[in-house]
1. What do you reckon, is Leu116 surrounded by 10 or more Cβ atoms within 10 Å (Cβ to Cβ), out of contact with any Lys or Arg (no Cβ under 9 Å at 6 or more places or on another chain), at pLDDT 80 or above and not hydroxyl-bearing (Ser, Thr, Tyr)?
2. Would you confirm whether any residue within region 10-27 is closer than 30 Å to Ala129 by Cβ, polar (S, T, N, Q), at pLDDT 70 or above and not in a loop (DSSP other than H, G, I, E, B)?
3. With free of Cβ contacts under 8 Å to residues at least 12 places away in the same chain, surrounded by 10 or more Cβ atoms within 10 Å (Cβ to Cβ) and not hydrophobic (A, V, I, L, M, F, W, C) as the only criterion, which of Glu109, Glu123 stands out?
Amino acid sequence: MGNDSDDLTAAMAQYIPEPRPGIEQRVLRHVRTAQKRRRRYWTLIPVLPLLVLLVLLLLMLWPRPVPVVVRVTPTRTLPLVGQAVPPAHKRHHREKVQPFPTPAPLTEEEKALQALAASRPQEAQQLLAHEDDKPIEIPQLQIPPLQSDGGR
């Protein structure tokens, strides 16, 4: 049986290389630094409430803007519900809206046409009547159906 154990150890020695020199020192150094890191977190626990108190104190002492109060006196009061509406002649009238387009004075040609229409209305009507004044006729729109090849 001891012979099998020696054979197994010899076979494993071929596959598993020897550890590099100084591995114990590297592992111990890693364990020590991990312990130091854990100790650092414990030192932060008392600092956290101090930071919260500092922020609260700064918020309390920080100057706040003073609200500005503006008093507006209404120029016209609206009637309350249930009160009578003032008569139309006492209401404020808005400025009249100017017509659009703004009227312009008549040109010389327009004045001559107006004088002709006033003095000889039948002649003016004959002069202004054209055969081209017939209504426009638009033929019925016809669209033939599309030819389908069955989606091929």
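The values are calculated or read from the model by the stated rules, or taken from the named source; none is laboratory data. Owing to the predicted nature of the structure, the values given are computational and were not obtained by experimental measurement. So basically every Cβ, Gly included, is an ideal-geometry build from the backbone, and we count neighbours across all protein chains shown.
1. Against the criterion (surrounded by 10 or more Cβ atoms within 10 Å (Cβ to Cβ), out of contact with any Lys or Arg (no Cβ under 9 Å at 6 or more places or on another chain), at pLDDT 80 or above and not hydroxyl-bearing (Ser, Thr, Tyr)), Leu116 qualifies.
2. Scanning region 10-27 turns up no residue that is closer than 30 Å to Ala129 by Cβ, polar (S, T, N, Q), at pLDDT 70 or above and not in a loop (DSSP other than H, G, I, E, B).
3. After applying the criteria, what remains is Glu123.
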